[in-house]
Structures are given as structure tokens and as C-alpha cells.
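Just below is one structure, and these are the notes that go with it.
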Amino acid sequence: MTTDRYLEDIKEIKTLMNKSTRFISLSGMSGIMAGIYALVGSLIGYYIITNARIRGKGDTLDRLFSTPWEYNYSLQILLVAAGVLFLAVVTAYFLTRAKAKKHRQKVWTKQSIRLVKHFLTPLIIGGAFTVCLLNYSLVGLIAPCMLIFYGLACIQAAPYTLGTVKYLGWSCAILGLINSLWIGYGLYFWAAGFGLCHIIYGAVMYLKYDRN
């Protein structure tokens, strides 16, 4: 009995320490939904790219803002990616807020703000670098660049939230590096990283943390 009580006390102390240093209200379901959005976006992107190849209009990045909408396939893909990102962020916010409310916690705390800062730093740098690639029409490197910097953002943010996030980060970063060796298959790696990896990560998070 005494040993069991000590183990329970240690577990409770560990939980309190995690709450004081980490933001633990991230919703696993939001990861699953983000993965589904990414897979749907990949399917739409595949349709756009296939249509571009049929019409012989595959390279329009240098005319991004001057090409008519119906032939501006690059802009269409960018808007699809922006839509996926928007839906993922909004879903993550509302599901995380619901989980925090359930556990009587606040969404915006010192821990969550610190998490967001460390997550956004590599992401913003990666976004700026992606614009540079876009400017020089290095289309094949955009997908691996997005995966690598997103992975780095997750790894950077992992110490301030649930540790499972770092495995998502490593998975995306490694997929991005592999993709950089297989230029032209970015859409498939994008679907694997942002789609399947998010669904797997979200399912693990949900089963491990959200069902309690």
C-alpha cells in the first residue's frame, strides 16, 4: 500500500511539473483533421497538376500574378495550400480550446505562448525561404522545404508541449530530406508528411491523452 501511494504521489508531482512547464491541452483530433485536410488538398493539387500537364501549362511561377486564373495553376495550388493551413489552424484552435475547457485550463498561458513562439520561428524562416525558391522558379524544392522547416518547427516546439510532437517533426523533416533527392514527387511526400503523419500522430495523441 505504501509503495503504491508513493508511486501515485510521484505520478501526481510529475503531472503538476508538466502542467507548469508545458502546454498539454493540444488536441489529438486536431492532428487527425489536419491530416485529412492535407490529403484532400493533395488530391485537389494532383487534379490541378494533371490538368496543367495536359494543357502544357506546367510552369507559371514566373507569371504568378499576370496569368489568367484558369491557366494560373501555381496560384491555384498556393491557394489550396493556404486553405488547408487555414482549416488546420482554425480546427486546432477550437478543438484545443474545448479540451482546455474540459480540463479547466486556459488556452493562452505562458506555456502556450512560449510554444507558439518556438514553433513559429523556424516556420517563418522557412516561409521566407520558400518565397525565395518561388522567385527563382525552383518549384521542385518547395515541397521538401516546407516539410523540412515544418519538421524543425515541431522539433523546436516539442519541449514546450507533449513529447509526441517531436516524432511528428522528425518524420516530416526526414521525408523532406528524402524528397529533396526525388524532385518531382513533392505532392506525394507532401501528402505523406502533412497527411498520413498527422493522422498517425493525432491518433496516438487522442488514444494516449484525449480519452481521459
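Just so it is clear, none of the values below were taken in a lab; they were calculated from the coordinates. Everything numeric in this text was worked out from a predicted model, so none of it was measured. Heads up, the Cβs are rebuilt from the backbone with ideal geometry, glycines too, and the neighbour counts pull from every protein chain shown.
So which of LYS106/LYS208; LYS166/LYS208; LYS117/LYS166; LYS102/LYS208 end up more than 19 Å apart, counting from Cα to Cα?
From the list (LYS106/LYS208; LYS166/LYS208; LYS117/LYS166; LYS102/LYS208), the Cα-Cα distance tops 19 Å for LYS106/LYS208.
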So the FRET efficiency between ILE125 and ARG104, C-beta based with R0 = 30 Å and rounded to 0.05, is 0.25
Charges only on Cβ, +1 for Lys and Arg, -1 for Asp and Glu: so what's the dipole of region 26-210 about the Cα centre, in debye to the nearest 20?
-> 880
Amide H neighbours of VAL107 under 5 Å, counting only residues 5+ apart in sequence or on other chains, H built in-plane at 1.01 Å?
-> none
Spelling it out for THR161: with amide H atoms placed in the peptide plane at 1.01 Å from N, the residues 5 or more places away or on another chain with amide H under 5 Å from its amide H are PHE23
Here the relative contact order (percent) of region 26-210, from C-alpha pairs under 8 Å and at least 6 apart, is 34
Work out how far the C-alpha atoms of region 99-212 reach from end to end along every principal axis, then list the three figures in whole Å, largest first.
-> 49, 26, 18
Compute the signed sum of charges (Lys and Arg +1, Asp and Glu -1) over the other residues within less than 10 Å, Cβ to Cβ, of VAL107.
-> +4
